[in-house]
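Accompanying notes for the structure given below.
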Amino acid sequence: MTTIIIYILLGLAIGYIGGYAGIGGAPFMIAFLVLVMGINQFTAQGSVLTMMLGPMSLLGILTLKKEVKEQWKNIAIGVISYAIFSYFGAKWAFILGELDTKKYFAIMLIIIGILQLIPQLSRPDSEAKATHIPTLWMLIIGISTGIIGGLFGIGAGVLMVPLFIMVFNLNKNYARALSLAILLPPVSLGAFIKYNQQDAIDWQIVTMLFTSYFIANYLGVKHGSKASLSSFKKFYAILLIAIAGVYFLQIYFNR
C-alpha cells in the first residue's frame with residue numbers, strides 16, 4: 001500500500017511540473033524509480049514510455065487550444081516521426097546494456113540541465129514572438145527526439161521545449177502547447193513495442209503514474225500559463241545535474 005501511495009504522489013508531482021513547464025517529467029520519474037524505488041533502469045524506462053501511450057496531457061492542452069490549433073501540422077509531424085524512430089532508440093538501449101544506458105542517461109540529464117541555464121531560455125516571454133517552426137526542422141527534431149526518447153525512456157517535452165524557445169524563438173505558450181500536444185497520442189508506440197518484447201514494463205507502475213499524472217497535469221498548465229519560468233528553470237537544471245551525480249555514484253559503488 002505504501003508503494004502505491006508513493007507512485008501516486010510521484011505522478012501528481014511530475015504531472016504538475018510537466019504541465020507547468022511544458023515537459024513530460026519523464027527524467028524525474030525514471031530517476032526516482034531507479035534510485036529510490038530500486039527498479040531496473042530498463043523497466044523504469046519501459047514503464048514510463050508505456051504510460052505515455054495514454055492521453056496523459058489531455059487536460060493540460062485544453063487550456064492551450066488556440067496554440068494547439070495553429071500548430072496542428074507540426075504536431076502531426078512530431079507525433080509520427082517520434083513514434084517511428086523511438087523504436088530504434090529503444091533497440092539501441094538493449095544493445096548498449098543497462099550499465100552503459102545508465103551512464104548515458106546521467107550524461108543526458110546534465111545536458112538538459114545545462115540547456116535550462118542558457119540565458120536565452122530565461123528571457124522575458126514578450127521577447128519570444130514566433131508562433132511557428134519550419135516543417136523540415138520539425139521533422140528533424142521529431143526524429144532526433146524519438147531516437148533519444150526510446151533510448152532513455154523520455155517524452156518529447158524535456159528536449160523539445162528548450163529547442164523551440166532557444167533556437168526558433170517560439171513563444172512560451174506555443175512551445176508548451178506543441179510539446180504537450182505531441183504527447184497526447186500514443187507517441188511512444190515504437191519504443192513500447194521493443195520494451196514490451198523485452199518484458200521491461202511494470203503495469204502497476206504504469207497505471208498509478210498515468211492516473212495521477214493525468215489529473216495533476218491540468219493544474220500545472222493552468223498555473224504555468226501565467227507564470228514566469230526563469231527561476232523554475234534554474235531549480236530544474238540544478239536538480240537534474242544533482243540527480244546525474246547520484247547516478248554516477250550509484251554506478252561507481254555498484255561495480
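Quick note: the coordinates plus some simple rules give every number you see, no bench work behind them. Predicted, not measured: the structure shown is a model, and the values here were computed from it. Cβ coordinates were reconstructed from backbone atoms using ideal geometry, including for glycine residues, and neighbour counts include every protein chain displayed.
Please list, in order along the range 240-245, the HN-Hα scalar couplings obtained from phi with the Karplus expression 6.51 cos²θ - 1.76 cosθ + 1.60 (θ = phi - 60°), rounded to whole Hz, x for Gly and Pro.
These are the phi-based 3J(HN,Hα) values: 4, 5, 5, 4, 4, x Hz.
Each residue of the range 40-50 in turn: what ³J(HN,Hα) in whole Hz from Karplus with 6.51, -1.76, 1.60 and θ = phi - 60°, glycine and Pro shown as x?
For the range 40-50, the Karplus-derived couplings read 4, 4, 5, 5, 5, 5, x, 5, 5, 5, 5 Hz, x marking Gly and Pro.
May I ask which residue of L139, T207, L117 lies farthest towards the positive end of the charge dipole of the chain, with charges of +1 (Lys, Arg) and -1 (Asp, Glu) on Cβ and the Cα centre as origin?
So the residue furthest toward the plus end is L117.
Given S86, T3, F164, which one lies farthest toward the positive end of the charge dipole of the chain, if we put +1 on the Cβ of every Lys and Arg and -1 on the Cβ of every Asp and Glu?
F164
Hey, in the GNM for the chain with a 10 angstrom Cα cutoff, which one of N169, N217, N40 fluctuates hardest?
In the Gaussian network model the winner is N40.
Do the alpha carbons of any pairs in K65/K129; K65/K234; K102/K234; K172/K234; K172/K233 sit beyond 20 Å of each other, and which pairs?
K65/K234; K102/K234
Roughly how big is the range 2-253's charge dipole about its Cα centre, with Cβ charges of +1 (Lys, Arg) and -1 (Asp, Glu), in debye to the nearest 20?
620
Quote the relative contact order of the chain in percent (integer), defining contacts as alpha-carbon pairs under 8 Å separated by 6+ residues.
Relative contact order of the chain: 43 percent.
Amide H to amide H under 5 Å from L170: which residues, 5+ apart in sequence or cross-chain, H placed 1.01 Å off N in plane?
Those lying under 5 Å, H to H, from L170 are I165.
Sort W92, W203 so that the residue with the fewest other Cβ atoms within 10 Å of its own Cβ comes first and the one with the most comes last.
W203, W92
Taking only DSSP H segments of four or more residues, each worth -39500 (n - 2.57), what value at 222 nm results for the chain once the sum is divided by all its residues, to the nearest 500 deg cm²/dmol?
-24000 deg cm²/dmol
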